[in-house]
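**Q** Once you've had a glance at the structure underneath, I'll fire off some questions.
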Amino acid sequence: MILTSCSSLRRRGGASSWGLLLVLATATCVALLFSFSFAATMSKELKQSDNIPHENQIVKNHVVEDKMEQQQPVALSPVASSDVAKKQQHQEMNATPNKMKNFCTRSDIRHGKWVGKINSTNSSTETAVMPMHAPNLAGANSSQNYDACNAPDMYQWQVANEKNENDSSCEFQQEFNSELFCDRMKNTVILFIGDSITWEMYESLVHLTDGHVDKRVHNRAIQRKIAIVINVCGDNHVTLIYRWNKDLSNKGTSVAIENMLNETFPTMIVLNTGAHYQSDIVYHERMDHALDLIAGWQSMCQDRNLPCPFFWRTTPPGIFNCKSFTRPVNNITMMEEHVASNPGAYNWNHFRHQNELALQKLESSGLSSYNIIDAYEVGIQRPELQVSQADCLHHCQPAAADAYNTIMLHYLQVNRTLEDMSKIAKYEYSYNRTTNIALSGIDVDWSQDTTPYLS
């Protein structure tokens, strides 16, 4: 339209009376043409730039998407270095705590299963037992000479609805990330209170954070009623304390919980009971007392303006005839039926019921906050890792305990904020946090302890 108007003006330019007007009109046309051409060019360039990702965007399948919304987990090939992947993951998560938008829930975690590790040559997770010992648990094709205790563990816990290439359901790290743990828990004192299954979790965490401790130290601590104190994480100075208490009482070798809290103010507690069976009446009474003490401790934390996580770990049962199993059994119904049909002398068939009692107590306790580590579901499906046919309760490898700690770290990752980390990092404890275990990890550092043996 502009071009047509300008041409018309040029055709009229013959008359002298129109001379001045023609000059002005021609100049106007030129200006309008230049403006139109410039606008068209800019529009084209802007349209093209829409397909160019900005600094915080990526192009995926020809569609520009925000990087911050791309929460795909690190995909490892069988030959990839897990250390490199862990470092990358640590750097991403350390930059912004709680960056992932859709963490896996407790339900996702407890309804998970054991799967082959990505760099393992054996990814089978089918039920596998020796049929001559357990004909009702079909699927045995492995050698009777297989010994899970002396073989590398090839499995890890995978949550239900975990995010993968085709599904963005939820986020969960299958392997424990020690750098992430040490950064999140800087200057934290973590107190583990419980029985020998709690000891397995404690020992696992020490090893996962590059420390070392031997079961012989556990036996020494029971004999002397002393705490085991180990500092890990280097300059981040995370203190791990274990105190033996088999049934939430102060009887026998058990140390009273109130005494522990008077001696050592922790900024995180992991508590459990259950492996040493007691009647429901006694269980109720001791749970009530223990949770009252935990509530008092949480109040102390609030008075000091400190974030103090509390974890309750459920108890997995022993597995009758455990050495007949050679692989994980991803069928909790089958395993519960097996336990119920062979309860043994330790009331293993009552563990599920008392776990439920504990959860009911927690729900009605009025505690300000708590998290559940569902060791029952995780542990009952690893029957092949029990120590021996004579000890079908304890584990000869830390696989299950490693999973408990990975779950614990997941909840810390979900809930721990930068403000929480800052408050704990600045807190000054009023007691000695020196490691009291020898460098070898196999005995107490006697220079740190003068407690006499129990008579």
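**Q** In percent, what relative contact order does segment 243-320 have, based on Cα pairs under 8 Å that are 6 or more apart in sequence? Provide the component values of the computation, followed by the final result.
**A** On the way: 71 pairs, mean separation 28.4, N = 78.
Here the relative contact order equals 36 percent.
**Q** Rounded, prolate or oblate: pick one for segment 344-408, where a ≥ b ≥ c are the square roots of the eigenvalues of its C-alpha gyration tensor, a/c under 1.5 means rounded, and failing that, prolate if a/b is larger than b/c, else oblate.
**A** Values: a/c = 3.50, a/b = 1.52, b/c = 2.30.
Oblate is the answer for segment 344-408, as a/c is 1.5 or above yet b/c matches or exceeds a/b.
**Q** A follow-up question, please. Among 243-251, 402-410, 435-443, 359-367, how do they line up from the highest to the lowest mean number of other beta-carbon atoms within 10 Å?
**A** Output ranking for 243-251, 402-410, 435-443, 359-367: 402-410, 243-251, 435-443, 359-367.
**Q** Right, another one. Could you check the spin-label model distance between Tyr346 and Thr105? Points 7 Å from the Cα along Cα→Cβ, value in nm.
**A** Taking the simple label geometry, Tyr346 and Thr105 are separated by 3.4 nm.
**Q** Another question, then. Kindly rank 170-182, 299-311 from highest to lowest mean number of other beta carbons found within 10 Å of each residue.
**A** 170-182, 299-311
**Q** Still on this model: Can you list, largest first and rounded to whole Å, the semi-axes you get for segment 333-455 by taking the square root of 5 times each eigenvalue of its Cα gyration tensor?
**A** Its equivalent ellipsoid spans semi-axes of 33, 25, 16 Å.
**Q** Which of the peptides 375-383, 280-288 is most tightly packed, and how do the rest follow, going by the mean number of other Cβ atoms within 10 Å of each residue?
**A** Put in order of decreasing packing, that is 375-383, 280-288.
Bear in mind these aren't lab numbers, they're just calculated from the coordinates by the rules spelled out. Note that the coordinates shown come from a computational prediction; the quantities given were computed from them, not determined experimentally. All Cβ positions, glycine included, derive from the backbone under ideal geometry; neighbour counts span all protein chains shown.
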